[in-house]
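Asker: Have a look at this one.
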Amino acid sequence: MAIISNRPILNIVIGLVLVLPALTQTSTQTSNNGSLRKQIDLAGVSGSLTWVASALSAKGVPIGIEASSNLREIEAAQTINITKTTVREILNEIVAQTPGYEWELSDGTVYFYPVQSRDELLQSFLALRIARFNLPHSSNRNQVVEILNGVEEVKLELQRSNSRLEFMVLPDGSNSNSKGVTLNNVSLKQALNHVVKNVSGISWWRIERLATGEIIVTF
C-alpha cells in the first residue's frame, strides 16, 4: 500500500507562515520610504513647530505632536525656515531647529515627540490602551470629539490622574467626514493617528498639558 506524505504541504505552509510577515513588513517599509521621498513645496513657510507641521499636513502628510513641558516657550521665540523639498529632509530641518525634539513615522503618521522636558503624564496618557475604538463612517469633527470623550478607558484614566481633557477644534473651512474604522486594543496615540488619516478635514493633532493640569488636544 502506498503511503502518501503530507510533509511537502506542511513545509509549504510553514514557509508561508514565516515569509508572509516579512513580506508585509517589507511592503510597509517600502511605502513609508516612498512617502518620505515625496517632494513637497513649502517655499516661504516659516514659523513655529506647530505652524510648519500644520502647513506640512495640509500637503497630505498626517502629523501628530506631543508637546513638551516647555514647548510654548520654545515656539514663542522660534522661526523655522524650510529650504529642503522632500518630506524626510523637511522633517529633519524642523527638528534641527526645534531644541529637544525628534520625529518618527508611527502608524503612517509623522510624530514629533520631545526627548527633553517630556511630560510623563502625557506620555502615559498617550500609551493608554483602548479595548475598542470605533470611528463610524461619515463622522464629522465634532462627532470625533464626542467619540474620544466617550472612551471608557480615557474617562477612567482622567479620574485616576485627577486631570481634565479639553478639545480645541480649529476651523478649516471644510466639511469633514470619516471613512469609518474600528480598532481593537490600540493606544490613544494610535487612535489619534487613525483619526488624522481617516477623517477629511483633520490632518494633524497636538496634545499638551497646561500648568493648570488640563490636557488639551487640538485638531
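The values are calculated or read from the model by the stated rules, or taken from the named source; none is laboratory data. Values in this document were obtained by computation on a predicted structure and should not be read as measured data. Cβ: placed from backbone, ideal geometry, glycine included. Neighbour counts: every protein chain shown. Note: accessible area is taken over every heavy atom of the protein model, side chains too, but ligands, DNA and RNA are not part of it. Shrake-Rupley method; radii C 1.70, N 1.55, O 1.52, S 1.80 Å.
Asker: Restricting to the range 90-107, give me the number of residues that are surrounded by fewer than 16 Cβ atoms within 10 Å (Cβ to Cβ) and assigned to a helix (DSSP H, G or I).
Answerer: Of the residues in that region, 2 qualify.
Asker: Sticking with this one: In contact with a strand residue (DSSP E or B) (Cβ under 7 Å, 6 or more places away or on another chain) and either among the hydroxyl-bearing types (Ser, Thr, Tyr) or in contact (Cβ under 8 Å) with a residue 40 or more places away in the chain (or both): does that describe residue 64?
Answerer: yes
Asker: Would you check which residues across the range 120-139 are open to solvent by 20 Å² or more (accessible area, probe 1.4 Å) and in contact with a strand residue (DSSP E or B) (Cβ under 8 Å, 6 or more places away or on another chain) and list them?
Answerer: 121, 123, 127, 128, 129, 131, 132, 134, 136, 137, 138
Asker: Can you find even one residue in the range 168-181 that is more than 27 Å from residue 52 (Cα to Cα), hydrophobic (A, V, I, L, M, F, W, C) and in contact with a helix residue (DSSP H, G or I) (Cβ under 7 Å, 6 or more places away or on another chain)? Write out each step before concluding.
Answerer: Taking the range 168-181 as the starting set, the residues that turn out to be more than 27 Å from residue 52 (Cα to Cα) are 180-181.
If we keep only those that are hydrophobic (A, V, I, L, M, F, W, C) too, we end up with 181.
Filter again for in contact with a helix residue (DSSP H, G or I) (Cβ under 7 Å, 6 or more places away or on another chain), leaving 181.
For the range 168-181, residues more than 27 Å from residue 52 (Cα to Cα), hydrophobic (A, V, I, L, M, F, W, C) and in contact with a helix residue (DSSP H, G or I) (Cβ under 7 Å, 6 or more places away or on another chain): present.
Asker: How many of the residues making up the range 197-215 are within 16 Å of residue 54 (Cβ to Cβ) and not in a strand (DSSP E or B)?
Answerer: Within the range 197-215, residues that are within 16 Å of residue 54 (Cβ to Cβ) and not in a strand (DSSP E or B) number 5.
Asker: For the subset of the range 47-89 comprising residues that are hydroxyl-bearing (Ser, Thr, Tyr) and open to solvent by less than 50 Å² (accessible area, probe 1.4 Å), which member is farthest from residue 115 (Cα to Cα)?
Answerer: If we filter the range 47-89 for residues that are hydroxyl-bearing (Ser, Thr, Tyr), which is where we start, we get 48, 50, 54, 57, 68-69, 79, 83, 85-86.
Now narrow it down to the ones that are open to solvent by less than 50 Å² (accessible area, probe 1.4 Å): 48, 50, 54, 57, 68, 86.
Numbers: 48: 18, 50: 17, 54: 21, 57: 22, 68: 8, 86: 24 Å.
Only one residue tops the list, namely 86.
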